[in-house]
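A short write-up of the structure that comes next.
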Amino acid sequence: MLSLSLNFLPSASVSGDKFMLYFTTIFIIGTILFVGTLGVGIYFAFKYKRKSDNDETPYIPHNYLVEFLSVFGISVWVAIFFIWGWRDYKDFISPKMDEYEINVIGQQWNWQIQYANGKTFTNELIVPVDRHIHLAMTSKDVLHSFFIPEFRVKMDTIPGQYTSLRFTPNKVGTYTIYCAEYCGTSHSKMIGKVYVLSQKDFQDWLDGVYQGELAQETKPSNQDSGNGMTLVEAGEHLYRSKTCYTCHTTNGDTLIGPSFKGLFGSEVELIGGTKILADENYIRESLMDPMKKVVKGFSPTMPTYRGMLTDTEINQIVAFIKAKR
Amino acid sequence: MGHAANINFYEAGNKGIMSWLITLDHKRIGLMYFITTMMSLCIGGIFALLVRLELMFPGQQFFDPNTYNRLFTLHGAVMVFWFIIPAIPGALGNFFLPLMIGAKDVAFPRLNLLSYYLLLLGMAINLYGILHGPGADTGWTFYTPYSIKTGAAVVSMVVGVFFMGFASILTGLNFIVTVHTLRCPGLTWFRLPLFVWAIYSTSILQVLATPVIGITLILLTLERTLGIGFFDPKLGGDPVLFQHFFWFYSHPAVYIMILPAMGIISEVIPTMSQKTIFGYRAIAYSSLGLGLVSFLVWGHHMFTSGQSELANFVFSLLTMATAVPSAIKMFNWVATMYKGSISLATPMLYAIGFLFTFGIGGITGIMLGVLSADMHFHDTYFVVAHFHYVMMGGAAIALFSGIFYWFPKMLGRMYNEFLGKLSFWFFIVGFNVTFLAQFVAGLNGMPRRYHDYDSVYAGWNLISTVGSWGIALGILMIIINVVYSSFKGPKAPANPWKGKTLEWAAESPPVLENFEKTPTVTSGPYDYGLKA
């Protein structure tokens, strides 16, 4: 049976609820404005339909009062919706206290979802209800866009850099992940699932004792590169094997490069005086393009790691540096 | 009729196919653009019907994903670059701009012919890639790095678009100079018909914005052929930079499509209502204003691309500001009809249809300009439906209105009124069924460019496909009407609509250099009605 319901997509996040309220309001007011304007036009078309070829018409080139009022009315209407939309958007993108962080890597044509404990799943995202979730996302090949319709949020994933998607699920259930940015042959098959669990079930799931239906569906994929290590442990392993420690300490001492202690989330001053926030993208850029943003007081001697680290390994190093903040 | 100077431009001078192919007459060039762009509409329309056919039911119907991806790419590229951008300025602009300003021709007739052949050259290069190569599967937006990695014929597409861009630049340049230098005595700036204002604003956009896409597509070609890293992060480039460059042109391009359409509506409504236009200066200035702001809103195509918060704030604010001049125009058109003597002949039906569909396109545009809502709507069918309401329900409908309005002048014969009205009803019903259904699918989260979709969207997709057949029948009737009436229609008088702009002072069809003696203008373009 074909469904012809107008609004069949449930809302399952804080953003989703805000969207529904916003859309309902703008839809009703937009409809009134549209029907009002067009209704008058169609009424005129009937009322002033040509009666003879010699109809006399008045000469009305303008009416400043009507023109001013319509411009003023439209401007107020637009301004209100702009401000409302900006406030909701600001709330959507801003980092929250106590976020649960998960890494996402998009690739043709699936999603790799990587947890702090080192487990990686394909196309399956498990999150606790009523927690702020932060997805730190990137792409292995072309552009993708991580879209959860029930949450009314999406963000592109871009090769070579991180983007962030934030949401707060507020209903336990199973929802959809779509790829919204065209990415080639199987774009429409790049579909995943979000499982929103109660906070207790989520903890059980993390501890490996969750007995619900989802447990069978979320088998770790073959590309589980964590080897049983958490992201931070794997990052520490890389810190040693790639000999990062010869230049960067973790205890605050300064060697050839800045120490990792307290680095993440701090404001660093670059040569030339610009100040920037040390976030995921800054760390990625410093690994790939170390000469681009050199911290003041250090000489530009770091070699590039472009092509030597996978996206997963970069995620692990970022997690390690984050842990030292 | 009778004496030599009175012979219309079809009969005057040389005859035969060569007299058309190497003509410098703006009217003949305009008609060649007309035939070319209407053929493009048919080609793009066939791709559209095939896309809708594949989406009629969930699952694979007729085409595998790779074929489907090529079909929607070609639908978009053909409709944008072959049809909507050249159609109104190239066909109606060429034919009527000189007539409406009382000139004998455009300022640079040879350049005008060159523009036409550059368009053909671009189309030929595209066709080569489509017919002899693997086709293109990037979408008409050519987003990197996909367009660098795919095995499809991207280079022939973008090089073709590069040449069509030059055609557009040269046409714009030609019209700007024409409006500045060739206005007849007494035709001051504020006596210009609003169609001329609209074409003038469009021309400025064409000249300023089109070089950017030309350069961008050359960079893309260099990256694909020589591996120079502009956009691919593996080579040290930035994929989002491409989007900035692309939309820096392609957003103004939206106004290259819609401003001339608004110009047509501003002609048709006053004449068919026998009322002077309400708020002449407001409409003229809002054309220029929209043209200017259109350069500053490209980032609203990139709200989810990870661009900075500040960029999103500014782009969203400016985008929503464009609602104001657009709404002014809507109100002015409706107010023009007040106490008029309104003829509901085919051109006016299409003009009222324009108010309806463009109104929906505008209001959904505001919804999309809102940052929080766009986080959901971006890259869903809501966007697809919105831009079809603006492009098809705005630009194309106005083109149809203009075709019927000026048909007697162009061909010297009347079109068939019954078939014209019938085409309108098929088109408008089919159009709204097709794209209102897509709004619902998009609101409920169906992403665009999908070869297959979840069965929850099945009902609305089926409706949309059925609606597309109504559009096809409507356009087919327009073409039959135009072709049949060109040969068999009754002879048209010089001024069937009792219009007051200068093109109606010329014969139908006009003589070779438009007017037997250069006209002099003493009043505004829409002096209908009794002055109190």
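The values are calculated or read from the model by the stated rules, or taken from the named source; none is laboratory data. Being a predicted model, the structure only gives us computed values, none of them experimental. Quick reminder, even Gly has a Cβ in these numbers, built from the backbone with ideal geometry, and neighbours come from all protein chains shown. Just the protein is used for accessible areas: all its heavy atoms, side chains included, with ligands, DNA and RNA removed. Shrake-Rupley method; radii C 1.70, N 1.55, O 1.52, S 1.80 Å.
Rounded to the nearest 20, the Cβ-based charge dipole of the range A:231-323 about its Cα centre (Lys and Arg +1, Asp and Glu -1) stands at 220 debye. In order along the range B:372-383, phi translates into HN-Hα couplings of 5, 5, 5, 4, 8, 6, 3, 6, 10, 5, 4, 5 Hz, rounded to whole numbers, per the Karplus curve 6.51 cos²θ - 1.76 cosθ + 1.60 with θ = phi - 60° and x for Gly and Pro.
Among the residues of B:320-326, the average count of other protein chain beta-carbon atoms within 10 Å of the residue beta-carbon is 4. Normalised by the number of residues in the range A:231-323, the mean separation of alpha-carbon contacts (under 8 Å, six or more apart) gives a relative contact order of 34 percent. Counted without the sites themselves, the longest stretch of chain B free of trypsin sites (Lys or Arg not before Pro) in a DSSP loop having at most 11 other beta carbon atoms within 10 Å is B:16-516. Evaluating 6.51 cos²θ - 1.76 cosθ + 1.60 at θ = phi - 60° for every residue in the range B:305-315, the Karplus couplings come out as 8, x, 5, 5, 4, 5, 4, 4, 4, 5, 5 Hz, glycine and proline recorded as x.
Got a number for carbon plus sulfur as a percent of the range B:4-505's accessible area, 1.4 Å probe?
Numbers: 11130 of 15040 Å².
Its accessible area is 74 percent carbon and sulfur atoms.
Computed about its Cα centre, the charge dipole of the protein assembly as shown is approximately 2160 debye, with only Lys, Arg, Asp and Glu carrying charge at their Cβ. Summarising the overall dimensions of the range A:100-217 from its C-alpha atoms, the Rg and Dmax are 13.6, 40 angstrom. Within the range B:59-110, the ratio Rg/Rh, alpha carbon atoms throughout and Rh by Kirkwood, equals 1.36. Bridges between two residues of the protein assembly as shown, per DSSP, are antiparallel at a rate of about 70%. When you count the other C-beta atoms within 10 angstrom of each residue and take the mean per peptide, B:43-51, B:199-207 line up highest first as B:199-207, B:43-51. Here's how it looks for residue A:126: its modeled amide H is under 5 Å from those of A:195, which are all 5 or more places away or on a different chain. Based on protein heavy atoms only, the range B:4-505 ends up with 30 Å² per residue of surface accessible to a 1.4 Å probe. The mean number of Cβ atoms from other chains found within 10 Å of a Cβ in peptide A:250-262 is 0, as a whole number.
For residue A:153, the residues whose amide H sits under 5 Å from its own are A:148, ignoring neighbours fewer than 5 places away on the same chain, with H placed 1.01 Å from N. Across the range A:204-211, rounded Karplus estimates of 3J(HN,Hα) from the backbone phi angles (6.51 cos²θ - 1.76 cosθ + 1.60, θ = phi - 60°) give 4, 5, 4, 7, x, 10, 5, 9 Hz, Gly and Pro being marked x. Highest-first packing order for the peptide set B:346-354, A:199-207 is B:346-354, A:199-207, based on the mean count of other beta carbon atoms within 10 Å. Cβ-Cβ distance of residue A:130 and residue A:27, R₀ of 30 Å, FRET efficiency by 1/(1 + (r/R0)^6): the value works out to about 0.60. A dipole drawn for the protein assembly as shown from +1 and -1 charges on Cβ atoms has a positive end, and of B:463, B:205, B:269 the residue lying farthest that way is B:269.
Under a 5 Å amide H cut-off, with hydrogens placed 1.01 Å from N, residue A:179 pairs with A:190 among residues at least 5 apart or on other chains. Per-residue shielding of A:17-27, expressed as the average number of other chain Cβ atoms within 10 Å of the residue Cβ, stands at 3. Take the accessible area of chain B alone and of chain A alone, subtract that of the pair, and you get about 7700 Å² summed over both chains, using a 1.4 Å probe. The accessible surface of chain A, taken with every protein chain in place and a 1.4 Å probe, is 59 percent carbon and sulfur.
The coefficient of translational diffusion for the range A:231-323, derived via Stokes-Einstein from the alpha carbon Kirkwood radius under 10 °C and 1.306 mPa s, stands at 119 µm²/s. For residue A:171, give me every one of the lysines with a C-alpha distance below 21 angstrom, ignoring sequence neighbours fewer than eight places off in its own chain. In chain and number order, the partners are A:18, A:96, A:154, A:193, A:200. The simple spin-label model puts a point 7 Å past each Cα toward its Cβ; for residue A:64 and residue B:8 those points are separated by 4.7 nm. Interface burial in the range B:47-72, defined as at least 20 Å² less accessible area with all protein chains than with the chain alone at a 1.4 Å probe, covers B:65, B:66, B:69.
In units of the compact-protein estimate 2.2 N^0.38 Å, the protein assembly as shown shows a Cα radius of gyration of 1.03.
A Cβ-based charge dipole, computed about the Cα centre of the range B:4-505 with Lys and Arg at +1 and Asp and Glu at -1, lands at about 1640 debye.
Its alpha carbons give the range B:4-505 an Rg and a Dmax of 22.1, 70 Å. In this structure chain A gives 48 Å² per residue of accessible area when probed at 1.4 Å with all protein chains present.
Interface residues of the range A:153-182, defined as those losing at least 30 Å² of solvent-accessible heavy-atom surface relative to the isolated chain (probe radius 1.4 Å), are listed as A:154, A:155, A:156, A:158, A:159, A:178, A:180, A:181, A:182.
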